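Some notes on the structure that comes next.
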Amino acid sequence: MAIRNIREIGDKVLTKVSKEVKEVDNKLLVLIDDMLDTLYNADGVGLAAPQVGILKRVVVIDVSEEGDEPIILINPEIIESSGSQVGNEGCLSVPGKVGTVERPNYVKVKAYDVNMKEFIVEGHELLARALCHEIDHLNGVLYVEKAIDGIRSIYDIEEQEDN
Ligand code: NI
């Protein structure tokens, strides 16, 4: 278990398409453990493998309250989506920034667990947003490309809220 270095915007690895996982070996299990450590250390909601420099289709998400299990998704794929939500989004690879992004309000995702067993996860609102955001990472897409009116500093928002 170790905290890995989070790659930041401008790093080419974040623009590449990640490869499908064919089998879960020990190296991949270590990667997943490290991704969870890195996610919690950074106090994030989700992390995709390319954000730690590994071009494999692996995502970890934890939008839950304390005590719940994180969601580990291997080769995730959106198979259904509906509705729309417009809201603020941030990314551990774009520190200190936030942007407004439109996402589906509901998604149904097919993925594989660490035993390469297929499962389905359905998400509304924040989880739907996180699933879309992290799967975009696997395709080399950062939210900043989708942000309506560009990205802002989180400090600007804090100032606005103080007023
Ligand atoms: Ni991100």
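Would you mind computing Rg(Cα) / (2.2 N^0.38 Å) for the chain, counting N as its residues?
Expressed relative to 2.2 N^0.38 Å, the Cα Rg reads 1.01.
Angle, helix 125-138 long axis vs. longest principal axis of the chain, Cα atoms, 0 to 90°, nearest 10?
That helix lies at roughly 70 degrees to the long axis.
Using the C-alpha gyration tensor of region 51-133, what are the square roots of 5 times its eigenvalues, in whole angstrom, with the largest one first?
Values for region 51-133, descending: 21, 17, 13 Å.
Taking 0.36 nm per residue of separation and subtracting the Cα-Cα distance, what length does fully extending D156 through E118 add?
Fully extending the segment from D156 to E118 adds 9.4 nm.
With both bridge residues required to lie in the chain, what share of the DSSP beta bridges run antiparallel, to the nearest 5%?
The antiparallel fraction comes to roughly 95 percent.
Read-outs throughout are calculated quantities, based only on the coordinates presented, and are distinct from any laboratory measurement. Here the structure is a predicted model, which means the values were calculated and not measured.
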